[in-house]
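Taking it in order: structure first as structure tokens, then the write-up.
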Amino acid sequence: MQLPMIFGACWQVRRRQYQLPSRTAARKTSARSKNRAELLVDGDQRGIDATKEAIERLQQDGRKVQTRVFAAPKSVENKKWQEFFSEPGTKFQAVPRSKNGEASDLAIEERLRCLARTSRSVCPALLTTDTDFLGVVQDIVEMGREMVLLVPQGAVSSWRKYELSGARVLLLESGRTKQNGPKVRAQLHANGGGTVELTESR
């Protein structure tokens, strides 16, 4: 089974120091985006159960959800992910690995900026547990766009900081960093060689 890699033209990704938004920007975000949302997920860090919970939470919030999962190209070989991507409204974006280990984060940040600039009728939404995206979230809020974060309720420090940025935060019951995603198994052979393979989580 082969799934397409979806890429969009975006402006250059940049990281910035986190600052509190102005009152004017916070007021602008009160005019919520209509009922469409695009949920972005780092598939290398967040598993299928957490992703489905985030989708359900957005739907409970009155949204029609499109989901885009960013992960290493071989992740799509996992049977459970294949089943997930066969569902309507889901897309897989393969992200080649980079030396700095932030390939998926950069691709997600780029997509967030694209949505904020070009899709006024679609609300950007992000499933995350950490605060690595505070800079881009603040940028989006300052543009007058609504930004939704899906964060486990146990990640108190993270969701409080996102709330302070002016973004809308929806809390999730899940608290684990990864669920039902592919695992990496490495084996060292007697001849000095080795193999690495993806296996399904239990």
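Each row is one residue, and each column tells you yes or no for (1) in contact with a Lys or Arg (Cβ under 7 Å, 6 or more places away or on another chain); (2) under 15 Å from residue 150 (Cβ atoms); (3) surrounded by 19 or more Cβ atoms within 10 Å (Cβ to Cβ); (4) in contact (Cβ under 8 Å) with a residue 40 or more places away in the chain.
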position: 62; (1), (2), (3), (4): no, yes, no, no
position: 96; (1), (2), (3), (4): no, no, no, no
position: 102; (1), (2), (3), (4): no, no, no, no
position: 117; (1), (2), (3), (4): no, no, no, yes
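Quickly run through segment 26-43 and pick out the residues that are over 20 Å from residue 133 (Cβ atoms), outside any loop (DSSP other than H, G, I, E, B) and at pLDDT below 90.
Answer for segment 26-43, where residues must be over 20 Å from residue 133 (Cβ atoms), outside any loop (DSSP other than H, G, I, E, B) and at pLDDT below 90: just 27.
Condition first: surrounded by 15 or more Cβ atoms within 10 Å (Cβ to Cβ), among the polar types (S, T, N, Q) and not in a loop (DSSP other than H, G, I, E, B). Now tell me which residues in segment 64-94 satisfy that.
The answer is 66, 67, 75, 90, 93.
In this structure, is residue 160 modelled with pLDDT of 90 or more, touching a Cys at 6+ places or on another chain (Cβ under 7 Å) and assigned to a helix (DSSP H, G or I)?
Against the criterion (modelled with pLDDT of 90 or more, touching a Cys at 6+ places or on another chain (Cβ under 7 Å) and assigned to a helix (DSSP H, G or I)), residue 160 does not qualify.
Tally time: how many residues in segment 95-125 are among the small types (Gly, Ala, Ser), in a loop (DSSP other than H, G, I, E, B) and closer than 21 Å to residue 142 by Cα?
Residues in segment 95-125 being among the small types (Gly, Ala, Ser), in a loop (DSSP other than H, G, I, E, B) and closer than 21 Å to residue 142 by Cα: 2 in total.
Output the residues belonging to segment 125-169 that are surrounded by fewer than 17 Cβ atoms within 10 Å (Cβ to Cβ) and hydrophobic (A, V, I, L, M, F, W, C).
Across segment 125-169, the qualifying residues are 143, 156, 164.
Looking at 57, 16, 46 in this structure, which one is over 16 Å from residue 111 (Cα atoms), part of a loop (DSSP other than H, G, I, E, B), at pLDDT 50 or above and not hydroxyl-bearing (Ser, Thr, Tyr)?
46
The values are calculated or read from the model by the stated rules, or taken from the named source; none is laboratory data. Predicted model, so just to flag it, every value in this text is computed and none were measured. Heads up, the Cβs are rebuilt from the backbone with ideal geometry, glycines too, and the neighbour counts pull from every protein chain shown.
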